[in-house]
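Asker: Quick one: the structure is below, and I'll ask about it shortly.
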Amino acid sequence: AQSVTQPDIHITVSEGASLELRCNYSYGATPYLFWYVQSPGQGLQLLLKYFSGDTLVQGIKGFEAEFKRSQSSFNLRKPSVHWSDAAEYFCAVGAIGGNEKLTFGTGTRLTIIP
Amino acid sequence: NAGVTQTPKFQVLKTGQSMTLQCAQDMNHNSMYWYRQDPGMGLRLIYYSASEGTTDKGEVPNGYNVSRLNKREFSLRLESAAPSQTSVYFCASSEGRGEKKLFFGSGTQLSVL
């Protein structure tokens, strides 16, 4: 069975600083990987996804993520965070082929300080 | 373009009461899902419907039933609510063509007293 681990429950970053959110997955083959963002009181919005090909993927709002097969990781990065990036971030994994169910991690809450 | 619409946004129930959470999407998507979100546990899949006329259990289906009324609508029913079902419920939809891109509603916050 597939699973996702987000080891950081809460991260605080100064505005303008760089950001890296960690995600590790468990799956028997190369999975589909996703990062979603949830603003307070809202549903989840897709930031980016990895299916195959280039292991560095670009997403919306200036985010990027790198797939590292050897480390079973898919970390999310942003060079310079803005106050509006404060939200909860979820990593998710899906199996290649078959249905479209996703397994989500427990989330990382990002706080931005001035 | 409304996307995925959930009703109600908030609900308080007493233990043993029943209710139905409604979800509708206007994107002509084939697949629909119900997730619950609990602190420290992320999102867990309750039920999903890969296509109109089919439904399948997810990770935490006990205490819930679903109906895929038509291609647009997917409802979640709690027959006898329990305090353990206090949660935020999200409906989502996807095209169902393998891309696995889910679109989420804004959620229903349910409290069972």
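Asker: Please find, among B:GLN37, B:GLN25, B:GLN6, the residue that is touching a Lys or Arg at 6+ places or on another chain (Cβ under 7 Å) and either at pLDDT 95 or above or under 17 Å from A:ALA92 (Cβ atoms) (or both).
Answerer: B:GLN25
Asker: Sticking with this structure for a sec: Which residue is surrounded by the most Cβ atoms within 10 Å (Cβ to Cβ), if the candidates are limited to segment A:60-72 and must be modelled with pLDDT of 95 or more and small (Gly, Ala, Ser)?
Answerer: Looking at the filtered set, the residue picked out is A:ALA65.
Asker: Would you point out the residue of segment A:30-53, among those that are part of a loop (DSSP other than H, G, I, E, B) and of a type outside the set (Ser, Thr, Tyr), that is modelled with the lowest pLDDT?
Answerer: A:GLY41
Asker: Which one is farthest from the other protein chains (Cβ to nearest Cβ), of the residues in segment B:86-102 that are closer than 12 Å to B:TYR35 by Cα and more than 11 Å from the chain's Cα centre (by Cα)?
Answerer: B:SER87
Asker: Being touching a Lys or Arg at 6+ places or on another chain (Cβ under 8 Å) and closer than 22 Å to B:ALA24 by Cα is the filter here; which residues of segment B:60-84 pass it?
Answerer: Kept after step one, since they are touching a Lys or Arg at 6+ places or on another chain (Cβ under 8 Å), are these residues of segment B:60-84: B:60, B:64-67, B:74, B:81.
The answer is B:VAL60, B:TYR64, B:ASN65, B:VAL66, B:SER67, B:PHE74.
Asker: Now, a different point. Read through the list (1) more than 30 Å from A:GLY59 (Cα to Cα); (2) modelled with pLDDT of 95 or more, then give the number of the only condition that B:GLY53 fails.
Answerer: (2)
Asker: In segment A:60-72, is there at least one residue being away from chain B (no Cβ under 13 Å) and assigned to a loop (DSSP other than H, G, I, E, B)?
Answerer: yes
The values are calculated or read from the model by the stated rules, or taken from the named source; none is laboratory data. Worth saying up front: this structure is predicted, and the values here are computed from it rather than measured. Methodologically, a virtual Cβ is constructed for each residue, glycine included, from the backbone with ideal geometry; neighbour enumeration extends over all protein chains shown.
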